[in-house]
Amino acid sequence: MSLPNDRETKIYVAGLPWITKTEGLRNYFEQFGEIVYANVVCDRATKRSKGFGFVTFKEAESAKSACEDPNPTIDGRKTSCKLAYLGARVHNNLSNQNVYGFSIFRNQYYWQYYQLYYQHCPWFSTYPY
C-alpha cells in the first residue's frame, strides 16, 4: 500500500507563538492521527520561530480531521490551520517573458518604466519582451 501524496496529508499551521517548537506542534496534532513529519519554520540567524509550520500525516483522513477546527489554540494562542496545498502560490506566466521563460521584470510596474525610458532606442522594438 502506498502512502497518499502531500497534497492530501500535509497541513499548514499559521499564527504559532514564538515559543512553539516542533515538539509542541507534534504533541497537539498527534490526537488526530499518526504524524510522518512535523516542522516549525525558524529564522536561521536567530533560531526563533517564524510563526508557522507544517505537519504531514500518514493518512488523509487525519489531516482532514485536524483541519475541521480551522482556528485551534496551540500553546495559548489561536492559530490558523488548513491543508497546505490550499495556500500554495501559483506563478502565472507574465506577459513580459522572453523566449527562455526568464523575466527580469517581476511586475508590470517596472516594465512600464522600462518601456518609457528605452522607447526611443532603435533596438527596443526588437527586444523579445
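The values are calculated or read from the model by the stated rules, or taken from the named source; none is laboratory data. Just so you know, these numbers come straight off a predicted model, no measurement behind them. Methodologically, a virtual Cβ is constructed for each residue, glycine included, from the backbone with ideal geometry; neighbour enumeration extends over all protein chains shown. Side chains included, ligands, DNA and RNA excluded: accessible areas come from the protein's heavy atoms. Shrake-Rupley method; radii C 1.70, N 1.55, O 1.52, S 1.80 Å.
Using a probe radius of 1.4 Å on heavy atoms only, what accessible surface per residue do you get for region 1-66? Whole Å² is fine.
62
5 Å is the cut-off here: which amide hydrogens, built 1.01 Å from N in the peptide plane, fall below it relative to F52, excluding neighbours closer than 5 in sequence?
Those qualifying (amide H under 5 Å, at least 5 residues apart or on another chain) are L16, V41.
Counting only protein heavy atoms and using a 1.4 Å probe, what share of the accessible area of region 13-63 belongs to carbon plus sulfur, as a whole percent?
Answer for region 13-63: carbon and sulfur cover 52 percent of the accessible area.
Below 15 angstrom from the Cβ of P70, what's the summed charge of the other residues (Lys, Arg +1; Asp, Glu -1)?
+2
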